[in-house]
Amino acid sequence: MKKSIFVMILAVFAFFSVIPASQGADFSGKTIEWIIPFNVGGGSDVWARLYAPFFQKYLPGNPIVAVKNMPGGGSIIGGNYFQTRVKPDGLTVFGSSGSTTFPYLLENPKVKYDFAQYKIVFASPTGGVAYIKPDLGVKSVADLKGFSKPLAYASQGATSLDIIPLLAFEMMGLKVKAVFGYKGRGSGRVAFEQGEVNIDYQTSTAFIENVRPLIKLGQAVPLMTWGVLDENGNIVRDPIEPDLPCMPEAYEIIFKKRPKGPAYNAWKAFFIAGFGVQKAMWLPGQTPDDIVQAYRQAAAAIIADPEFQQVVEKSLGGYKQMAGEHARKAFDQVLEVPTADKKWLINWLEKNYEVKLK
Amino acid sequence: MEVVFQSLAVVLQPHHLLMLICGVFMGLAIGILPGLGGIVGMTILLPVIYGMDPHSAFGLLIGMVAVIPTSDTFPSVMMGIPGSSASQATIMDGYPLAKKGEAARALGAAFSASLIGGLFGALVLTVIIPIARPIVLAFGSPELFMLALLGMSMVGVLSGKKPIRGILAAGMGVMLGALGDAPAVPEYRYTFGIDYLMDGIPLVVVGLGLFAFPEIVDLLIKGRAISEVTTLGRGWWDGVKDTFSHKFIVLRCSIIGVIVGFLPGLGGSVVDWIAYGHVIQTSKDREKFGQGDIRGVIAPESANNAKEGGGLIPTFLFGIPGSGSMAVFLGGLLILGIQPGPSMVTENVGLIYTAIWSLALANVLGASLSIALSKPITRLTLIPFSFLAPFMVLIITFACYQATRSWGDLIALLLMGVVGWVMKQYGWPRPAALIGYVLSDNLETYLFISVQRYGLDWLKRPGVMVLAGIIFVSLAMGIFFQTKRTAATSGGEHGKKAS
């Protein structure tokens, strides 16, 4: 008798101790806040709003997923809020973009968030295509060998995503003057059309819609793509423009050798942070495993959903979205940049653009 | 041409019409609430449009944004508080009219001017869409800098008899605008380690602080109703007649509105001031401006509605928003799966005409509803202000808190409010400070880009020279009429003394 009571109590305890774990991965009746550290209507906001209804559909218990915009300080304010205020209960998640990752990599003293602690749920890549004015006599990237005419590029700032084009151009031996002060890639493209600058790049969706017509009219010559990451972490050709070389190939065409050294290492790390895994969803570091798994499974199911694939085709450039481990592996390449390469880049920024990062 | 009427048929379908009406009602409400403008409206509607068909979504979004500059006139005229950034200049003469008990007349003029301006904007959009690309491309950074300078040149006429104060106030505004992240270098200015200041002080806070706060304080000190007379005087129909007797002002200011709207990067928040400055500059009899001249209401109101039509052009054709609300609208396009770009004119031309028809219909609906509402609402000006003040304080703090949703908004509002009140007490022109603040970023960015790119050669560009000529003429006209007037008045006084 005593024994059976003991067993019953044990069973009850066991039951209750199991419940919190299984309840943790059930979000019925809950509201999940997805912090986006940018304004409504921006690229990251649109990205989150495209994903949100699908998380609602695939997370256990079908919770409401609400996008919460927390703009400011170039996304640092939202990131710091996530680091300092958010409980690891799976009810608040964070969406980062390249502009969030860059200040983190450049060790901006205002940054309090730390991606190394967090659990990644999924990541979305994007691509970029560089192009040039036709009147410079360049027909393809091969003509850039020894090209010495002065070029101008419309930039948002030396510590923005423009690190990727500026460093790529420099590695290829181009003399590109960065004109700072443009408000975004859109105004950069208009400046290119106006002739205010003569070399530019656009992210793939904008490229398809706005630059391909220019190429058809003979007002722009495509040079190269930055490339995309394959499963093994190599940079390969971008499926948007499969006929164009990706950046490492372009380098090889010009210099007859593969790029290496600190410049390329730094370029690659920032390329992955800015394009390869440009946007990612994060859970706080202490989040219990079952919640993390629930999120990652939901993300995998979303990516497999044919309805969502249409959204990807139409609005996210058609790039292969990465869930769970795949995203983690890709982002690890960002986190594992050798300090020496990072130092090299910081030094390069200080030397070329008089940027003081500390 | 066929597409134009096909789109009209689409817009007139019950479902789309319903969406449009929802949008219009929402826009009217947002316009009436001080400090809330197109950005807030777009932000609220953006989550709703997910999964909608683009035509219905356009009805909703454009219906909303088109009528904000119509209904935002209510608080501007009746309480001297900007209903949104588009109606700041309307205060200058609209509010004195309300004090004289002529609120209904001011509103009638404002709404009819808004209607004509809005329809004009839609019309221009129709005509200009096929040829808009080269026009937008003609304005490079140097030209945009000159346009910002043209905006600054309005400071002169807006600061009345003490131009030096106007220039100082404008300079102060420019400094205020320089707070936070610098437009062209990765640096933060004057943030004193406070996170709130990293993005500068938001426009809503500056606008409400400078204009609404001092007004509330003064009305409370005087302890009476807004209207200084107890009868409401002439009705809205007189206002409509005023608009028609000043039809050329309406036309000129609508053109100004469209141009400011479709030039990306100039920002819509100065269009009302530019129109207001323009009408003073081109008027020979200026004594009554600032004391309740109906032309001072008609000019900004026709321009601010026309601006919305213009603002759609860069958003559709280049994917670059001309104003804050258009930036959110652009996100809405992407959510709907529409990539703005040159193909909008070829493949999605039906959508563009849907936008235009929605714009036109919304303006008609918005203006009629506002006129219908104006009679009961004008009675508010007869209520002792101590009853209204708590609501007004609540609404403006709420509106400011919307800006970044941090404590900083409220503290900044209080500080800006005190600055505004002191300026008002000592007769320093607040519009000049506001124009400086709004144009600060443009002035710096475009000058910076021009000099980086062209050295001093940017001065030799034909567009720059033409705009320099316009600035010179407008300044000269201002000074010429000013001296003529001073001569006339002093002559008059002299004559009186002699007699």
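The values are calculated or read from the model by the stated rules, or taken from the named source; none is laboratory data. Model, not experiment: these values are computed from the prediction. Ideal geometry is used to build each Cβ from the backbone, glycine not excepted, and the neighbour counts take in all protein chains shown.
General remarks:
- Options B:I91, B:I116; residue that is buried (at least 20 other Cβ atoms within 10 Å of the Cβ), within 20 Å of B:F211 (Cβ to Cβ) and either β-branched (V, I, T) or touching a His at 6+ places or on another chain (Cβ under 7 Å) (or both): B:I91
- Residues within region A:52-74 that are surrounded by 23 or more Cβ atoms within 10 Å (Cβ to Cβ), within 11 Å of chain B (Cβ to nearest Cβ) and assigned to a helix (DSSP H, G or I), tallied: 2
- Residue check for A:G146: under 27 Å from B:G193 (Cβ atoms) and either away from chain B (no Cβ under 14 Å) or at pLDDT 95 or above (or both): no
- Failed criterion for B:I313 (all others in (1) within 14 Å of chain A (Cβ to nearest Cβ); (2) closer than 28 Å to A:A52 by Cα; (3) crowded, with 24+ Cβ neighbours inside 10 Å hold): (2)
- The set of residues in region A:300-325 being on the phi > 0 side of the Ramachandran plot and in a helix (DSSP H, G or I) consists of A:G324 alone.
- The residues of region A:226-241 that are among the charged types (D, E, K, R) and in contact (Cβ under 8 Å) with a residue 12 or more places away in the chain, listed by number, are A:E231, A:R237, A:D238, A:E241.
- Enumeration of residues in region B:403-449 that are buried (at least 24 other Cβ atoms within 10 Å of the Cβ) and of a type in the set (F, W, Y): B:Y437, B:Y446
- Members of region A:186-198 found to be more than 7 Å from every other protein chain (Cβ to nearest Cβ), touching a helix residue (DSSP H, G or I) at 6+ places or on another chain (Cβ under 8 Å) and either touching a residue at least 60 places away in the same chain (Cβ under 8 Å) or more than 15 Å from A:V129 (Cβ to Cβ) (or both), listed by number: A:A191, A:V197, A:N198
- Number of the exception - B:G101 against (1) closer than 20 Å to B:V240 by Cβ; (2) in a helix (DSSP H, G or I): (2)
- Test result for A:K279, under 20 Å from the mean Cα position of the chain (by Cα), within 14 Å of chain B (Cβ to nearest Cβ) and in contact (Cβ under 8 Å) with a residue 12 or more places away in the chain: yes
- Filter result for B:A327 (farther than 30 Å from B:K241 by Cβ and out of contact with any strand residue (DSSP E or B) (no Cβ under 6 Å at 6 or more places or on another chain)): yes
- Region B:30-81 holds helices (runs of 4 or more DSSP H) entirely within its bounds, and those carrying 2 or more residues that are buried (at least 24 other Cβ atoms within 10 Å of the Cβ) and more than 14 Å from chain A (Cβ to nearest Cβ) map to B:54-71, B:73-79.
- Considered as a group, the residues in region B:110-134 that are in contact (Cβ under 8 Å) with a residue 12 or more places away in the chain and within 14 Å of chain A (Cβ to nearest Cβ) include one that is farthest from A:V179 (Cα to Cα), and that residue is B:A132.
- Residue match in region A:276-297 (condition: in a helix (DSSP H, G or I), within 19 Å of A:G233 (Cα to Cα) and either among the aliphatic types (A, V, I, L, M) or modelled with pLDDT of 90 or more (or both)): yes
- Residues located in region B:368-396, provided they are farther than 19 Å from B:A98 by Cα and either surrounded by 16 or more Cβ atoms within 10 Å (Cβ to Cβ) or at pLDDT below 80 (or both): B:L369, B:I395, B:I396
- Flag for B:I470 being away from every other protein chain (no Cβ under 14 Å) and surrounded by fewer than 17 Cβ atoms within 10 Å (Cβ to Cβ): yes
- Answer residue from region A:199-218, given it is within 11 Å of chain B (Cβ to nearest Cβ) and more than 20 Å from the chain's Cα centre (by Cα) and is nearest to A:G317 (Cα to Cα) among those: A:E209
- Of note, A:L223 does not satisfy the criterion of being among the aliphatic types (A, V, I, L, M) and either without any contact (Cβ under 8 Å) to a residue 40 or more places away in the chain or out of contact with any Phe, Trp or Tyr (no Cβ under 7 Å at 6 or more places or on another chain) (or both).
Here is a yes/no grid of residues against (1) in contact with a Gly (Cβ under 6 Å, 6 or more places away or on another chain); (2) farther than 22 Å from A:G157 by Cβ; (3) polar (S, T, N, Q); (4) modelled with pLDDT of 85 or more:
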| position | (1), (2), (3), (4) |
| --- | --- |
| B:I131 | no, yes, no, no |
| B:A148 | no, no, no, yes |
| B:I167 | no, yes, no, yes |
| B:G177 | no, no, no, yes |
| B:E187 | no, no, no, no |
| B:I201 | no, no, no, yes |
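- Residue pairs whose Cβ atoms lie under 7 Å apart, sitting 6 or more positions apart in sequence or on different chains, and linking a residue in region A:340-355 that is charged (D, E, K, R) to a partner that is surrounded by fewer than 18 Cβ atoms within 10 Å (Cβ to Cβ), are A:D341/A:P262; A:E350/A:K356.
- A:A266 vs. criteria buried (at least 17 other Cβ atoms within 10 Å of the Cβ) and modelled with pLDDT of 95 or more: no
- Residue check, B:G322 within 30 Å of A:G78 (Cβ to Cβ), in contact (Cβ under 8 Å) with a residue 40 or more places away in the chain and outside any helix (DSSP H, G or I): yes
- Set B:T315, B:T243: member being touching a residue at least 40 places away in the same chain (Cβ under 8 Å) and either among the β-branched types (V, I, T) or not in a loop (DSSP other than H, G, I, E, B) (or both): B:T243
- Restricting region B:445-456 to residues that are more than 29 Å from the chain's Cα centre (by Cα) and under 22 Å from B:P134 (Cβ atoms), the residue that is nearest to the other protein chains (Cβ to nearest Cβ): B:R453
- Residues that are closer than 24 Å to B:C253 by Cβ and either at pLDDT 90 or above or among the small types (G, A, S) (or both) occur in region B:13-24; there is at least one.
- When every residue of region B:294-306 is checked against the conditions, at least one turns out to be within 19 Å of the chain's Cα centre (by Cα), in a loop (DSSP other than H, G, I, E, B) and away from every other protein chain (no Cβ under 14 Å).
- Any hit, region B:271-282, residues being in contact with a helix residue (DSSP H, G or I) (Cβ under 8 Å, 6 or more places away or on another chain), over 28 Å from B:E444 (Cα atoms) and either in contact (Cβ under 8 Å) with a residue 24 or more places away in the chain or not in a helix (DSSP H, G or I) (or both): yes
- Filtered residue count, region A:29-47, keeping only those that are over 19 Å from B:P321 (Cβ atoms) and either out of contact with any Pro (no Cβ under 8 Å at 6 or more places or on another chain) or within 11 Å of another protein chain (Cβ to nearest Cβ) (or both): 3
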